[in-house]
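These notes concern the structure reproduced below.
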Amino acid sequence: MMDKTEGGKGSFPGAAVNAGVNAAVMGRLKIAVPKGSLYSQSVEVLGRAGLDTSGLQNPGRQLVIRTDEAEFFIVRPTDVPVFVSYGGVDCAICGKDSLEEAALEVVELVDLDFGACRFVVAEPAFAGGAADDAYSRLGILRVATKYPRITSRYYDSVGVQVELIKMHGNIELAPLCGMADRIVDITATGTTLRENDLVVVDEVLRSTARFVGNPASVRTDARVRNLAVELERIRACV
Amino acid sequence: MIPVIPRGFKDVLPQEARWRESICNNVQKALSLWGYAPIETPTLEVLDVLKRGGQLAPTTFRLFDADGALLVLRPDVTLPIARMTATRLADAVGPLRFRYVQPVFREEESLRGQAREFTQLGIESIGLGGALADAEVVVLLAEALKAAGLKDFTLAICTVGVLRDLLDVCVRESGVGEQWRQAMLDACHASNLVEVARLARDARIDARYGEALSALPSIRGGKEAITACRALVEPLRCLDGLDVLEQTWELIEAAGVGEYVTVDFSVMSSFDYYTGLVIEAYAPGVGMLLGSGGRYDHTLEAYGKSAPAAGFALSLERIMQALLEQGIQAEPSFATAEPVVVSVETDEPAAAFRRAKELRGQGIPAVLGTGKAGERYDG
C-alpha cells in the first residue's frame, strides 16, 4: 500500500495514478460493495488499494458511507451488476456468478481471486441415478435453481431438456421433497450439500470476485482505471 | 381501466417535443453544413436482407406480414442505409453523405427499465476511406454534440485493425483455432478484460502475442497512446490501421476538437461490422453510451456494391439526459415560443382571422381564442 499522504487530500493514493483528476471537480467516486460473503474481503482489498474504508468496518444499518474521496453503496450481491451497468455507481466488486446471471453490460476489469465458489448440479444421494432414469423415460428433467439464466445456458450447452423452477432460497429442499430431480446451486465448501444428503453430479461454472466498472466511467474517469491497476497489483502480490 | 401503451414506449408532450425538435434542428443544421443530405428509410425491413449486412442484436422486434414474410422493425439505421445505397444508388458517383433522424426499435427484457423505442441522429459517409474520411466522422460527431448544446463529453476512439491482426497471427501460427478467436471476440464484445487476459495466456500461443493481447485494452491517452500501441505491436508486425489512426488523430487536433477525443483501445466492444476506426461517445453523469460509430468497409459488399463507409449514430434521449445532468436548458427557438391569443370576443371573427394572419406573417405564433386579447397562451 502506498503512502496515504502522497496523493494529497481529495485524491486517493495508489494515485501517482491519480494525476490530473480532481475529486472536487469529478465528485466522489461511487463504489458498490456487495453485502454478504464477499463483503469483508472486498472492504479489505479496497483498503489495501488506498481507499479510506474505516466507515465500512461496522456500517450497522447504514447503506451509504461517504468519505472525502468516495461514496460506498452497500448492496445485495445480485443487484451489483444493475448498479454498475446503469451508472448508479462507477465501479464495484461483484461475484462472477452475479455477473453471469444478470448478463448486463459492465466492463470486467480484474479477477480478484477471492470468494471462490462453484456452480454445481446436485441430486439427493439416495436418488442414485433416478434423475437419469426419469430423463430417459420422460425426456425431461426438472431442475430447481436461484439462477435460471446460468442453469438454462448450461443445459443448452449439454443438450438436455429441462424444466426450470425458479426459487429464492434453500434450493436443497426441492429435490428432498420430490419437487425437482436436481438443483443447480452455488457451493463454496460443499457443507450445506453434504448436510442435506446431496451429491454433486456435475460442475457448471467457477466463480470468483471481480472488479467491474461502468463502461462510461471506465472510459471517462481515470480513478476507476487507476483503482483497477492497484487491485491487479495487489492480486498479483498475494 | 386506463388505456395503456406497451412498456418502453412513450407519448411525447409539447414541452419535451419542443426540446427534442430544437435539438434535432440544431444538430441537423450542423450536419448539413458539412454537406450531409437528409434521407429516410422504412420502419420495417426484411429480416433476411438486413441480416446479410451484419449480425443483428438478438433484441429486434420481428413480425410476419400477411404474405408470411419475416420482417424486422428497424433496429438501427446503418444497415438500412447500406442496403439503400447498394441498391437504388448502385450507380451513383460518390462520395455520398447522408444524415438522418429516425426512431429505432429494440426489444428489451421487462423489469430492466429500458426504452424499446428511441431516436437516433446520425450520419453515413459512403465512398471515402482513409484518415481524412475517418477524421471527418470523428470531428462531425464532436460538432453534433456541441450543436446539441453539450459542453462536456468524451469521444473514445481506436482501431480494430490491431486486434484483428493479432488474432489472425495467433490463429494462423498456433493451434488455437477459430473457436479461440471467437471466444476472444466474444470477450472483447462483452468488455470482459479478465477473460481476454485468460485467453491470451493460452499455452499454445507465442507469449509475445499473448502479452500484447492482454496489454492492448489498457492503452489509453492522446497521441502517446498510439505511440505506446505501436511499440507494443510493431515487433509483432500487427500494425493494421495504426498509421491511419495516427493521421486521423493529427487531423482531429488540427480541427480543434482534440480536447474531446481520447485514444482508448478498450473500445473494442460491439465492433461486429466495423473494419477500422471505432468511436464511442460518453458524457459525465450518464452511465451509458450517447452514441457510437466507426468504419465498416465490407458492409455494402454484402448488399452487392463494394464501397468504403463510415458513420455514427447518437441517441437523442441520452443526449437530453446528458444535457439535464449538465444543467443545460433548451435554447429558445421558434418551437418554444408560446402563441399570442387573438380574441374573437373583442374583434369580429373575420377581423381576428386577419389580425392573426398579420402576426404569423411577422413570425409570431398566434391562435384565435376567447381569452383577453394579447394574452400568451400556453399550448
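The values are calculated or read from the model by the stated rules, or taken from the named source; none is laboratory data. What you are looking at is a predicted structure, and each value in this text was computed from that prediction instead of being measured. Cβ atoms come from the backbone with ideal geometry, glycine included; neighbour counts cover every protein chain shown. Accessible surface is based on the protein model in full, side chains and every heavy atom, while ligands, DNA and RNA are left aside. Shrake-Rupley method; radii C 1.70, N 1.55, O 1.52, S 1.80 Å.
Some notes on this structure:
- Probe 1.4 Å, protein heavy atoms only - accessible area per residue of the protein assembly as shown in square angstrom: 47 Å²
- Reduction of at least 30 Å² in accessible surface, 1.4 Å probe, comparing all protein chains with the chain by itself, residues of region B:278-299: B:Y282, B:G287, B:M288
- Given A:K30/B:K151; B:K151/B:K357; B:K151/B:K305; A:K96/B:K10, the pairs whose alpha carbons are separated by over 30 Å: B:K151/B:K357; B:K151/B:K305; A:K96/B:K10
- Rounded to the nearest 20, the Cβ-based charge dipole of region A:57-191 about its Cα centre (Lys and Arg +1, Asp and Glu -1) stands at 480 debye.
- Bridges between two residues of region A:117-206, per DSSP, are antiparallel at a rate of about 60%.
- The convex hull around the C-alpha trace of chain B, projected and averaged over every direction, spans 25.1 square nanometres.
- Between amide H atoms placed 1.01 Å from N, distances below 5 Å from B:T275 occur with B:R295, B:Y296, B:D297, all of them 5 or more places distant or on a separate chain.
- Pairs of Cα atoms in region A:117-206 fall into 10 Å distance bins, from 0 up to the last occupied one, in shares of 18, 57, 24, 1 percent.
- Cα radius of gyration and Dmax for region B:209-292 (Å): 13.4, 40
- Summed residue charge, Cβ within 14 Å of A:L63's Cβ, Lys/Arg positive, Asp/Glu negative: +3
- Loop-located trypsin sites (Lys or Arg not before Pro) in region B:179-216 whose Cβ has at most 13 other Cβ within 10 Å (DSSP): B:R201, B:R204
- Neighbour-limited loop hits for trypsin sites (Lys or Arg not before Pro), region A:24-120 (at most 11 other Cβ within 10 Å; DSSP other than H, G, I, E, B): A:R61
- Dipole magnitude (debye, nearest 20) for region B:14-325, charges at Cβ of Lys, Arg, Asp, Glu: 240 debye
- Computed in the context of the full set of protein chains, the accessible area of region A:117-206 at 1.4 Å probe radius has 49% of its extent on carbon or sulfur.
- Set the Cα radius of gyration of the protein assembly as shown against 2.2 N^0.38 Å, with N its number of residues, and you get 1.11.
- A:T145 sits among other residues whose Cβ lies under 15 Å from its own Cβ, and their net charge, with Lys and Arg +1 and Asp and Glu -1, is -4.
- Rotationally averaged projected area of region B:60-106 (alpha carbon convex hull; nm²): 4.2 nm²
- Residues B:D76, B:D48, sorted by accessible area with the largest first, give B:D48, B:D76 [1.4 Å probe; ligands and nucleic acids excluded].
- For region B:1-134, share of DSSP beta bridges that run antiparallel, in % to the nearest 5: 90 percent
- Using a probe of 1.4 Å on the protein chains alone, the accessible area found for A:R233 is around 100 Å².
- log10 of Debye I(q)/I(0), alpha-carbon scatterers only, for region B:107-153 at 0.23, 0.29 Å⁻¹: -0.86, -1.03
- For region B:351-368, the Karplus equation 6.51 cos²θ - 1.76 cosθ + 1.60, evaluated at θ = phi - 60°, returns couplings of 5, 4, 4, 5, 4, 5, 4, 4, 4, 4, x, 8, x, 9, x, 9, 10, 8 Hz by residue, with Gly and Pro reported as x.
- Backbone N within region A:221-238 under 13 Å of label point (7 Å from A:T208 Cα along the Cβ vector): A:232-238
- Accessible area of B:K151 in the full protein assembly, 1.4 Å probe (Å², nearest 10): 150 Å²
- Considering region A:57-211 at the alpha-carbon level, its Rg and Dmax are found to be 18.0, 64 Å.
- Ratio of the Cα radius of gyration of region A:174-238 to 2.2 N^0.38 Å, where N counts its residues: 1.80
- Taking all protein chains together and a 1.4 Å probe, the residues B:K357, B:K10 rank B:K357, B:K10 from largest to smallest accessible area.
- Here the sum of -39500 (n - 2.57) over DSSP H runs of 4 or more residues, divided by the residues of the protein assembly as shown, equals -10500 deg cm²/dmol at 222 nm, to the nearest 500.
- Length gained when the stretch B:K51-B:I2 is fully extended (0.36 nm per residue, less Cα-Cα span): 13.8 nm
- Computed accessible area, B:E16, all protein chains, 1.4 angstrom probe, square angstrom: 60 Å²
- Computed over protein heavy atoms with a 1.4 angstrom probe, the accessible surface ordering of A:D197, B:D165, B:D11, largest first, is B:D11, A:D197, B:D165.
- Distances between placed amide hydrogens fall under 5 Å for B:V104 paired with B:F118, B:T119, B:Q120, all partners being 5 or more residues away or on another chain.
- Pairwise burial A:B, computed as accessible area of each alone minus the pair, summed, 1.4 Å, Å²: 1600 Å²
- Size of electric dipole in region B:234-286: Cβ of Lys, Arg +1 and of Asp, Glu -1, about Cα centre, debye, nearest 20: 120 debye
- Carbon plus sulfur fraction of accessible area for chain B, probe 1.4 Å, in percent: 53 percent
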